[in-house]
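Here the structure is laid out as structure tokens; the discussion comes afterwards.
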Amino acid sequence: MEFSSPAKSLEDRFLDFIRTIEGAEFVDELELSAAQKEAQKADFFFSDRTVICELKSLKTNTEPKIEPLLEPYRGTETWPVFYGNWNVSKILKHLPDSEKINRKLINAVSSSAHGAIRSANQQIRSTKKLFSIPDAGGLLVLLNDSVQVLGPDLLLKRVGEILRKRKPNGDLQFPEIDVTWILTETHLVKLHKNLVGLPAGIIADWNSAEIIPVADLVETLQPLWAEFNGLPFVRSIPDELKTEILVSRKEFGKQFGPEKRSDRWRRIYREAPYLSEFTKEEILWIGRYLLMAIQIAGSTQKDPLQPRDRFPQLISPWTHFLEEINRRGIDMRELDPPKEWKHPCVGRIYRECGETVQKGRFYSHPRTAFNYYCQTNDSKVAVLEMIEAYDSDSGVLIQAVGTMPSANSEGLLEVVSKGEIHRLDEIRKRRNEPMEESQPEIHE
């Protein structure tokens with residue numbers, strides 16, 4: 001599903017939405033006394049004024065507060081070396097006093113949320129007194145469509161912590177807020193491989209009977225809000241769906257433009273992360289082998305006797321390796337090779353295929369990084385399906401069928417990793433165009 005940027009801000013659309021709700025009252029549009037006009041008050045009434053609602057929209061970008069807290073650690077031995085962009089939590093794993101630093105960061109970036117909650121609590125309390133409705137419930141609607149650093153998971157966690165804070169006497173610091181409804185559009189949530197959505201969250205003390213009218217109201221409003229925006233409403237996430245915070249909405253929009261070759265390699269790996277089954281030490285050894293092969297290939301690019309497609313073909317598995325170590329938060333300095341290069345973990349991906357290729361098995365050529373699938377082998381001729389090879393100039397995926405003598409398996413390695421086999425099998429299944437039956441002779 002494609003999410004385009006709306007013409008109006010989240011706050012403007014929510015105000016338009018409230019006008020569609022039967023019985024909703026805009027407090028500032030009521031006939032007010034002089035005292036009511038001058039006082040700080042909430043924004044809306046719902047359900048015959050049994051619910052008072054205050055709307056807050058986070059606008060202050062608190063991301064600049066992160067850099068001063070991390071700057072003392074840059075350039076130190078503990079600061080990790082990494083490629084691309086890392087989440088702050090991955091960097092913190094390598095720093096001393098990581099928990100202390102993390103708490104300072106959370107407090108810094110969520111300062112605007114704390115201020116919004118304090119103000120909303122005061123306005124709901126004031127509205128109860130001004131309109132003589134002390135038993136009305138309090139609802140805070142918190143919107144975020146501009147502060148990227150406050151992702152949905154962090155915002156939900158921090159708001160929950162703030163609302164649970166108590167005074168020295170044991171009373172809640174913000175007792176007027178019974179329910180908080182958070183709507184955020186800075187990020188998308190990946191519910192499944194083919195399903196993404198805009199996250200929303202409700203924070204309340206579900207053991208309290210006092211919140212029931214307010215909670216019932218929000219339960220009614222949520223599907224209406226989704227319908228107002230022309231989106232389906234997913235009330236709960238089935239067990240088989242994994243929830244994962246995706247990229248920012250701005251970055252997500254780039255996925256609908258022309259796909260770069262490097263982006264395609266990353267997408268392919270994210271759909272089937274075959275390296276996830278390896279231990280950290282094994283991952284590092286795999287990276288060392290790839291790095292050595294790339295360095296050797298790069299030094300022979302100007303040699304006319306060397307194959308010119310070798311270097312580009314190594315970049316695809318190298319990109320997969322980078323994706324995996326970034327996912328785990330591994331410092332690239334740990335990639336420095338020891339004196340001894342050989343390690344048996346590489347055999348968990350490939351092994352010598354023997355004298356001949358076997359029907360129904362996958363093979364890889366380490367020199368070209370091409371991957372094959374053996375369709376048949378009648379002891380004389382083997383039919384190999386080239387399922388993953390990229391043109392070195394255009395980056396176009398090449399898929400074809402060719403033949404080779406059954407006994408000629410020189411240079412091929414059998415793929416034995418279950419994860420890699422699954423990935424290659426998925427590529428075969430996703431082919432949309434018929435295989436080109438050119439039947440070239442393959443001699444290795």
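The values are calculated or read from the model by the stated rules, or taken from the named source; none is laboratory data. Keep in mind that what you see is a predicted model, and the values were worked out from it rather than measured. Neighbour counts run over all protein chains shown; Cβ positions are idealised from the backbone, glycine included.
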*Answer yes or no as to whether Lys8 is outside any strand (DSSP E or B), modelled with pLDDT under 95 and either closer than 19 Å to Ile117 by Cα or of a type in the set (Gly, Ala, Ser) (or both).*
no
_Of all residues making up segment 358-385, the number that are at pLDDT 85 or above and assigned to a loop (DSSP other than H, G, I, E, B)_ = 4
*If you check every pair at least six apart or on different chains, which have Cβ atoms under 8 Å apart with a residue in segment 115-137 that is aromatic (Phe, Trp, Tyr) first and a residue that is in a helix (DSSP H, G or I) second?*
Phe131/Gln36
*asked:* Just checking, does segment 137-151 include any residue being in a loop (DSSP other than H, G, I, E, B) and hydroxyl-bearing (Ser, Thr, Tyr)?
replied: yes
*Can you tell which of Ile294, Ile237, Ile245 is under 29 Å from Glu426 (Cα atoms), β-branched (Val, Ile, Thr), at pLDDT 65 or above and surrounded by 13 or more Cβ atoms within 10 Å (Cβ to Cβ)?*
Ile294
_Given the criteria modelled with pLDDT under 95, among the β-branched types (Val, Ile, Thr), under 19 Å from Ser110 (Cα atoms) and in a strand (DSSP E or B), does Ile202 qualify?_
yes
*asked:* If the requirement is being within 30 Å of Asp331 (Cα to Cα) and either at pLDDT 85 or above or assigned to a loop (DSSP other than H, G, I, E, B) (or both), which of these qualifies: Ser276, Ser262?
replied: Ser276
*If you take the residues in segment 407-435 that are polar (S, T, N, Q) and surrounded by fewer than 17 Cβ atoms within 10 Å (Cβ to Cβ), which one is modelled with the lowest pLDDT?*
Asn432
*So, in segment 128-170, of the ones that are β-branched (Val, Ile, Thr) and within 30 Å of the chain's Cα centre (by Cα), which residue ends up modelled with the lowest pLDDT?*
Val149
